[in-house]
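The values are calculated or read from the model by the stated rules, or taken from the named source; none is laboratory data. Treat the numbers as computed from the prediction; the structure is a model and nothing was measured. With ideal geometry, Cβ positions are generated from the backbone for all residues, glycine too; neighbour counts draw on all protein chains shown. In case anyone asks, the SASA skips ligands and DNA or RNA and just uses the protein heavy atoms, side chains included. Shrake-Rupley method; radii C 1.70, N 1.55, O 1.52, S 1.80 Å.
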Amino acid sequence: MSLAADGAMTPVMAFALIGALGVGSQWLAWRLRLPAIVVMLLAGLVIGPVTGVFDPSRDIGTLLGPMVSIAVAIILFEGGLTLDLHSLRDAAVGVRRLVIVGAPLGWLLSALALHFVAGLGWAASTVFGGIMIVTGPTVIAPLLRQARLARRPGQLLQWEAIVNDPIGALAAVLAFEVVIVLNAGVSAPEAARDMVVGVVFAAVAGLLAGWGLSAAFRRAWVPEYMKVPVLFTTLLGTFAVSDHILHESGLLAVTVMGVFIANANLPSYTELRRFKEHATVLLVSGVFILLAANLEFAALARLDWRAAAFVIVVILIARPATVMTALAFSPVPMRERLLVAFTGPRGVVLVAVAGLFGDRLAGLGIADGAQIGPLAFVLVATTVVLHGFTLTPVARALGLAGGEVPGVLIVGGSRWATDLAQALQKIEVPVLIADANITRLRTPRDAGVPVFYGDILSEAAEHGVEIMSYGKIIAATDNDAYNTLVATDLAPEFGRDNVCQLKRAKQHSARHSLPATLGGRVIGGGQGYFEMNRLVAEGWTFRATRISAEFTLENWTETHPEGIILAQLSEAGGLRLICESDSPRAGPGARVVAMVPPESNGQERATGH
């Protein structure tokens, strides 16, 4: 490992280590099905205070502060970019109440817990209490996928996290601005004036930056390949200029800028958000590794029983009181209120913002600011571990857990799709067929298959389909271009291995071939939409067959030499779609779902399977 003369790590090596640990931790968490924040916390502590291999203050020096500030600014901009006010208006009553009533009440109760239980002063309590509104959108999503909650409680938790992300940041920034003004030693009228000027200036700066960028993109003043670089350059420029003119106003400005762009209805918004999300993953993991490595055991050791009592009060009193009050007299059933009330994991955003403001408060001479960082780590670690292990059993106890097996979303209503859905239902795999043509949904609806009428890529589907319950996608309409669009658009969310489509016509023709980045994997043994439905019309049927030691997969293949295996379900409940280049590996106890020709039906019945 490259070290400087005094034993410190060189800055270049430090940056490489941060990136490797951040991305590596997220990958390892994905493989182990653990919350990424837990792995990142352990990695940061091991290389930092445990072994002393990496000390951010020593190895990065004066660059540490600006790096964290810029990273937090981009993270808050990302939070603002997720706040689509149109989606909020269309959201359920419960979500609006959790935002309009729950956010201010949560801020108040968190500040009270910090002051009276943790022992922090009012300045630090007010700033940190605002940050605690954020329930961790980067943490709640994987927890929801793992728990597979019923649709409404899952949506309540997901949308609360998304919408409260920028609101919590705004609350913290506003509280911090108040603290700065009050510590400036000016009179009350002057303090109020400075506060108003600061907020107005930051808001105007953010609005102007967002409006200018949106106008330039809409009028095609910026080519497509330069939109993302221009976006980030404008973001950094807005933050730097605003912060230079009025200290600490940059964070508020970039958050407002993000909210404006999110509601500008830009044609390139999806691409901008996706690239921004990739950058945010790197920044969030990097900041968390930095802050964890920069922790001192002495600071953690200074936390006494009041810190533990604070965490308990937040989990068992402040969070439940906020949710139950916000959802009082609402149509949300009591069981769902209880689940949401006792599920409030905090995430990386809270740690990053808390660490930044804690240092700034300490720099203003507020000693309590130094306690914010350690308290944030303790709160995040406790809530993530607690809810990560309890959300699923609590949801089951309340009758709000979805199926154990990840469902299959089939896009396109047809006889083939209906028969496949029924075969999957027989092995207890949740299925939904979506189609924008209501006539095509008559057959699956009459067969008892759940359906969604509408475009699966529409906002109505985003709010009306229980996406968290489905882990696999099959695009199977009669429109090859639309199948490719669906697979391409949903692949980043579901994972490319989980998105398949029927073979396109003339797919192997050089004139009609598409880049590997477009579309999904081909399912169905190389058969297209019309070929599949022709086979169904000729009498081919779907069979779900259990594999055993006596009737192996090889025996099945011998019995059905022309059969087309489409999916397999392991004994442990793992569902796998068999697409191009896949080979079935079903062992004893697994079940295979396949299409078989008419002459094979009698053979299978004769074998007793």
- prompt: Which value, in Å² and to the nearest 10, is the accessible area of residue 62 when all protein chains are kept and the probe is 1.4 Å?
  reply: 130 Å²
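So how much slack lies between residue 93 and residue 108, counting 0.36 nm per residue of separation and subtracting their Cα-Cα distance, in nm? List each step's numbers first, then the result.
Values: separation 15, 0.36 × 15 = 5.40 nm, distance 2.20 nm.
Full extension of this stretch gives 3.2 nm more.
For residue 413, what charge total do you get from the other residues with a beta carbon under 15 Å from its beta carbon, if Lys and Arg give +1 and Asp and Glu give -1?
Numbers: positive: 415, 440, 442, 445; negative: 419, 435, 446, 455, 478.
Combined, the nearby Lys, Arg, Asp and Glu give -1.
Taking Rh as the Kirkwood radius computed over C-alpha pairs, what is the Stokes-Einstein D of region 318-370 at 20 °C in a medium of viscosity 1.002 mPa s, expressed in µm² per second?
Using the Kirkwood radius from Cα pairs, D works out to 160 µm²/s.
Assuming 0.36 nm per residue, please report the length gained on full extension of the stretch residue 312 to residue 457 beyond their Cα-Cα distance. Numbers along the way, then the final one.
Numbers: separation 145, 0.36 × 145 = 52.20 nm, distance 4.16 nm.
Full extension of this stretch gives 48.0 nm more.
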- prompt: Of 283, 569, 207, which has the most accessible area with a 1.4 Å probe, and how do the rest follow in descending order?
  reply: 207, 283, 569
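Counting only protein heavy atoms, what percent of the accessible surface of region 292-426 is carbon or sulfur at a 1.4 Å probe? Walk me through the intermediate numbers first.
Working: 3310 of 5090 Å².
Reported share for carbon and sulfur atoms: 65 percent.
Can you tell me the length gained on complete extension of the stretch residue 552 to residue 23, counting 0.36 nm per residue apart and subtracting the Cα distance? Kindly include the intermediate steps, with their values, before the conclusion.
Working: separation 529, 0.36 × 529 = 190.44 nm, distance 4.06 nm.
Result: 186.4 nm gained on full extension.
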- request: Inverting the mean 1/r over all pairs of different Cα atoms, compute the Kirkwood radius of region 325-449 and quote it in Å.
  value: 18.9 Å
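Semi-axes of region 375-502's equivalent ellipsoid from the Cα gyration tensor, sqrt of 5 times each eigenvalue, largest first, rounded to whole Å? Numbers along the way, then the final one.
Numbers: eigenvalues 200, 64, 31 Å².
Calculated on Cα positions only, the semi-axes equal 32, 18, 12 Å.
How do 116, 232 stack up against each other in accessible area, from largest to smallest, with a 1.4 angstrom probe? Mind showing how you got there, number by number?
On the way: 116 130, 232 35 Å².
Output order, biggest surface exposure first: 116, 232.
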query: If 382, 255 are ordered by their accessible area, calculated over protein heavy atoms with a 1.4 Å probe, which sequence runs from highest to lowest?
result: 382, 255
query: Under a no-solvent Debye model with one identical scatterer per Cα of region 390-454, what's log10 I(q)/I(0) at q = 0.20, 0.21, 0.24, 0.29 Å⁻¹?
result: -0.73, -0.77, -0.90, -1.15
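With all pairs of different alpha carbon atoms counted, what Kirkwood hydrodynamic radius in Å does region 350-392 show? Could you put the intermediate results ahead of the total?
Details: mean 1/r = 0.0908 Å⁻¹.
The Cα-based Kirkwood calculation yields 11.0 Å.
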